[in-house]
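Let me begin by presenting the structure, written as structure tokens, before commenting on it.
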Amino acid sequence: MKFIFLLALLPTLTQAAEDCSAAAPTALLDKAFYPKHEFHQKKGNTADEAATLPKGNKLRIDFSGCEDSVNQTFFLTYAKEKNSAADLVFWAGRAADEISALHLNDREDIKNQLVKFLRSVKNLKATAGKDGSSVSICMDDSKPTTDGCSFEHLGLLSLAVSNKGPNVSLVIERSNNL
């Protein structure tokens, strides 16, 4: 009898996992400024967006989120760069300039928050890795624990820089707890 009861609940449990109270992600970039702009809505309240920036650098943004958090992850790729991925302050400044110049669809708050974080990287303790370096901070300006930032810390901002062959890749994450 318990087995039949669980089978009866299965469609409800599956549906609850797919339902999401957060609005579906929408394009962040104003496509009028990016001729090679793409935005793809995906399953599970996710999406991705890609564009070639004016200086030829590639930008991709991944979106996800549901009941209690919304995440945007920015991927910037710089081809044939001479600066090492270990120079986190240099790359944070370059990313701040790049993001500051983005033309967005009415989401200046995201841009301003990311630029503020990237300009503050010089004051944060970075972690060096084999192929690059990274830094992160909680949304309330507290330091993340080994488990990251708890819900009470409102979310996370992070920057990771790594060498990918002759390219340098930046991953800038914004995870906002609602």
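Every number here is computed from the coordinates shown, using simple stated rules; none is lab data. Nothing here was measured: the structure is a model prediction, and the numbers come from that model. Reconstructed Cβ throughout: ideal geometry from the backbone, glycine too, with neighbour counts over all protein chains shown.
Annotations
- Neighbour-count ranking [beta-carbon atoms within 10 angstrom, fewest first] of Leu124, Leu159: Leu124, Leu159
- Residues of type aspartates and glutamates that Lys80 reaches as a straight line, Cα spacing below 18 Å, ignoring anything fewer than 8 places off in the same chain: Glu98, Asp131
- Rh by Kirkwood over Cα pairs, then Stokes-Einstein D for the chain at 1.306 mPa s and 10 °C, µm²/s: 89
- The chain, helix-only ellipticity at 222 nm - DSSP H runs n ≥ 4, -39,500 (n - 2.57), divided by all residues, nearest 500: -8000 deg cm²/dmol
- By the rule of a C-alpha distance below 20 Å, with chain neighbours fewer than 8 residues away ignored, the lysines paired with Lys125 are Lys116, Lys143.
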